[in-house]
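Worksheet: one structure, shown below.
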Amino acid sequence: MKTQLLKYGVMATFLTALLAGCSSTDTTDTSGAGGTATVPSNQVSTGTAGSGGISGSSLDADSSVARTFYFEFDKAILNSEARAALRIHAQTLRSTPANIRLEGHADERGTREYNMALGERRGNSARDFLIQEGVNGALIEVISYGEESPASLDSNDASWALNRRVELK
Amino acid sequence: MKKIAAILSLYLVTLLLPLSGVAELTIEITQGVDNPSRIAIPPITQSGLSLPEDVSKIISADLERSGLFSPTPRRDMLSFPATVKEVYFRDWRILGTEYLVVGQAVKQSGRYKITFSLIEIHGERKLFTKVVEGPATQIRDLAHYISDQVYQAVTGIPGAFSTRVAYVTAIPVNDKMTFQLMVADVDGARERLLLDSKQPIMSPAWSPDAKELVYVSFETGRPAIFRQNLATAAREQLTNFRGLNGAPSWSPNGKTLALVLSKDGNPEIYTYELSTRKFTRRTTHFAIDTEPNWTPDGKALIFTSDRGGTPQIYKLTIATGRVERLTFRGSYNARPRLASDGRTLVMVHRDNGSFHIASQDLVTGDLRVLTQTYLDESPTVAPNGAMLLYATKKGNKGVLAAVSLDAGVKFLLPARRGDVREPAWSPK
């Protein structure tokens with residue numbers, strides 16, 4: 001336990017540095033809800049805040065712990081592997097709070113907006129589990145990509161299984 | 001076009017070049033009716049001089065694509081009459097032609113005026129003579145107008161050849177997807193790029209005047225609803241809530257959007273008044289409520305909900321808040337759209353594990369599966385209710401396809417590159 005704490009201490013320093021560098025990708029601010037904003041048109045071709053910017057930088061406590069969790073068709077129930085991995089992530093987040101994104105995805109079957117809702121439901125399952133494990137919910141943002149950002153592009157069972165997922169970022 | 005090109009150059013100059021000029025979508029008719037009307041449209045010219053576009057060819061292609069007409073090939077024609085007087089009926093009876101469209105164009109100060117007549121060969125009678133006029137730059141519009149008039153005179157249904165379709169393409173560029181929001185004529189011509197993004201674009205929907213689109217873009221790192229004017233490219237972000245911001249649908253009177261937000265914990269349907277920017281929550285259920293679409297009278301919303309355990313279609317009457325379930329057959333019915341008669345519901349329906357487009361008569365309850373392609377989704381009905389467009393998969397590629405509401409006519413619109421998805425047929 002002592003070595004683990006030490007490890008997290010080192011990680012904390014590392015993370016603080018990283019997060020300082022990542023402050024522009026803060027994912028918890030939704031205070032603008034309801035208002036309208038004019039978006040500079042250049043963001044359309046350059047906006048990559050959704051996926052590239054923060055992946056793998058925060059929370060790399062143990063690279064062997066899964067950060068992608070898989071689901072059954074039209075279901076949002078965490079399997080035992082997902083719960084085991086999330087428990088370890090929860091432990092890290094309790095000792096070293098950091099903002100995280102849970103990106104929910106669906107396979108291509110079914111309709112696109114329903115799959116947006118399903119992706120969110122999967123992200124919420126992971127979020128609720130982390131909260132139940134003591135993580136501060138304010139640190140977690142759930143973003144659904146529905147079927148819009150598949151991990152595998154083929155149309156078969158193996159590919160669909162890889163696409164029904166939540167990614168912790 | 002020049003103005004649009006100037007605005008688009010902001011987004012992506014390199015992609016514009018291959019896009020301009022050539023239509024991305026081509027059409028492959030896979031099934032027509034058993035006895036399509038045989039129609040001939042000899043060349044329409046300006047006293048023998050060809051027009052900037054081959055008008056009679058555009059009309060032939062329009063009518064053929066409806067599946068209800070079989071145009072006589074030009075090479076088989078024995079004469080090229082331009083007026084009713086020039087028609088020698090025997091030339092057409094020999095070919096088995098039932099209808100003949102003749103026309104001629106006059107050019108006056110940059111505008112074309114086309115006088116055209118529809119003739120029934122068997123009865124040797126003229127059904128009408130009409131005139132259409134417009135700028136030389138919009139000669140395709142004149143051709144589509146003629147197609148609309150001919151189609152209506154023969155079938156009794158207004159044509160929908162002057163309409164457009166919005167859709168999303170996803171093109172892999174250097175291992176990453178590029179998403180584009182496009183608009184083209186319903187025959188695939190005059191394709192225009194409206195938005196180019198490295199992040200997903202979803203759910204385009206038309207304003208009732210067909211001058212604007214609403215859609216979902218992830219360009220901010222989260223899904224958000226945007227509104228964009230087609231002529232000026234002016235755009236505005238309408239929502240920025242935590243969670244889902246999706247499935248926008250414009251009310252028939254143009255004043256309100258229906259949309260989905262999950263800011264209160266789970267997906268609920270809201271209305272948004274465009275003038276006051278006020279959101280009103282319309283559903284209250286812990287299940288998924290999504291994909292709202294207005295009834296033609298603007299008094300109700302039909303939507304998808306899994307409140308009964310599986311996704312099914314429900315109807316919400318706005319004045320009373322009353323919700324009733326509309327679909328009962330099958331374990332997956334989603335993304336409803338109503339034809340303009342308010343009676344024909346089309347949706348994505350899972351049938352023995354496969355996703356197809358089905359229609360349901362809301363009066364009789366009859367359900368009919370219209371498509372047999374693979375992973376069918378996103379049905380959108382033509383304003384005349386004769387046909388619907390949808391997205392499907394051919395191989396590993398997303399393509400658009402069409403089917404008539406009686407399932408008699410089918411065609412594919414294969415794209416040359418990338419995936420094409422989420423067609424939205426313009427309301428006019």
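Just so it is clear, none of the values below were taken in a lab; they were calculated from the coordinates. In this text the structure is predicted, and so the values were computed from the model without any measurement. Every residue, glycine among them, receives a Cβ derived from its backbone with ideal geometry; neighbour counts consider all protein chains shown.
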>> What does the structure give for B:168-175 when I average, per residue, the other chain Cβ atoms found within 10 Å of the residue Cβ?
In response: 1
> Which angle between 0 and 90 degrees, to the nearest 10, do you get for helix B:55-65 versus the longest principal axis of chain B when only C-alpha atoms count?
Replying inline: 50
> In a GNM of chain B with a 10 Å cut-off on Cα contacts, which of B:Ala258, B:Ala339, B:Ala234 has the highest mean-square fluctuation?
Replying inline: B:Ala234
>> Starting from the 7 Å offset along Cα-to-Cβ, what nm value, one decimal, do you get for the label separation of B:Arg74 and B:Arg90?
In response: 2.7
> Between B:Asp34 and B:Ser354, what length comes free when the chain is fully extended (0.36 nm per residue of separation minus the Cα-Cα distance, one decimal in nm)?
Replying inline: 112.4 nm
> Quick one: if you stick a label point 7 Å off each Cα along the C-beta vector at B:Ala234 and B:Asn253, how many nm between them?
Replying inline: 2.4
> Using 1/(1 + (r/R0)^6) with R0 = 41 angstrom and r between the beta carbons of B:Thr317 and A:Glu81, what's the FRET efficiency to the nearest 0.05?
Replying inline: 0.35
> What order do you get for A:93-99, B:310-316 when each peptide is scored by the mean count of other beta carbon atoms within 10 Å, highest first?
Replying inline: B:310-316, A:93-99
> Which value at 222 nm does chain B reach when only helices count, each DSSP H run of 4 or more adding -39,500 (n - 2.57), with the total divided by all residues and rounded to the nearest 500 deg cm²/dmol?
Replying inline: -3500 deg cm²/dmol
> Can you give the mean number of other chain Cβ atoms that lie within 10 Å of the Cβ atoms in peptide B:211-221?
Replying inline: 4
> Taking the Cα atoms only, what angle lies between the long axis of helix B:139-155 and the longest principal axis of chain B, rounded to 10 degrees?
Replying inline: 90
> Who wins for biggest fluctuation among B:Thr344, B:Thr320, B:Thr295 in a Gaussian network model of chain B, springs between alpha carbons below 10 Å?
Replying inline: B:Thr320
> Hey, fewest Cβ within 10 Å first, where do B:His144, A:His89, B:His349 land in order?
Replying inline: A:His89, B:His144, B:His349
> What ranking do B:Lys198, B:Lys255 get, fewest neighbouring Cβ atoms within 10 angstrom at the top?
Replying inline: B:Lys255, B:Lys198
>> Give me the net charge for the shell around B:Phe303: Cβ to Cβ below 15 angstrom, other residues only, Lys and Arg +1, Asp and Glu -1.
In response: +4
>> Test of understanding: ordering B:Val216, B:Val409, B:Val55 by Cβ neighbours within 10 Å, fewest first, what list do you get?
In response: B:Val409, B:Val55, B:Val216
> What chymotrypsin sites (Phe, Trp or Tyr not before Pro) does the range B:76-157 have in DSSP loop regions with at most 16 other beta carbons within 10 Å?
Replying inline: B:Tyr88
>> Given contacts defined as C-alpha pairs under 8 Å and at least six residues apart, what's the relative contact order of the range B:73-161, whole-number percent?
In response: 19
> Label A:Phe73 and B:Arg343 with points 7 Å out from Cα along Cα→Cβ: what is the distance between them in nm?
Replying inline: 3.5
> After finding the eigenvalues of the alpha carbon gyration tensor for the range B:217-351, what semi-axes result from the square roots of 5 times each, listed largest first in whole Å?
Replying inline: 24, 18, 15
> Shielding of B:243-252 by partners, i.e. mean partner chain Cβ atoms within 10 Å per residue?
Replying inline: 4
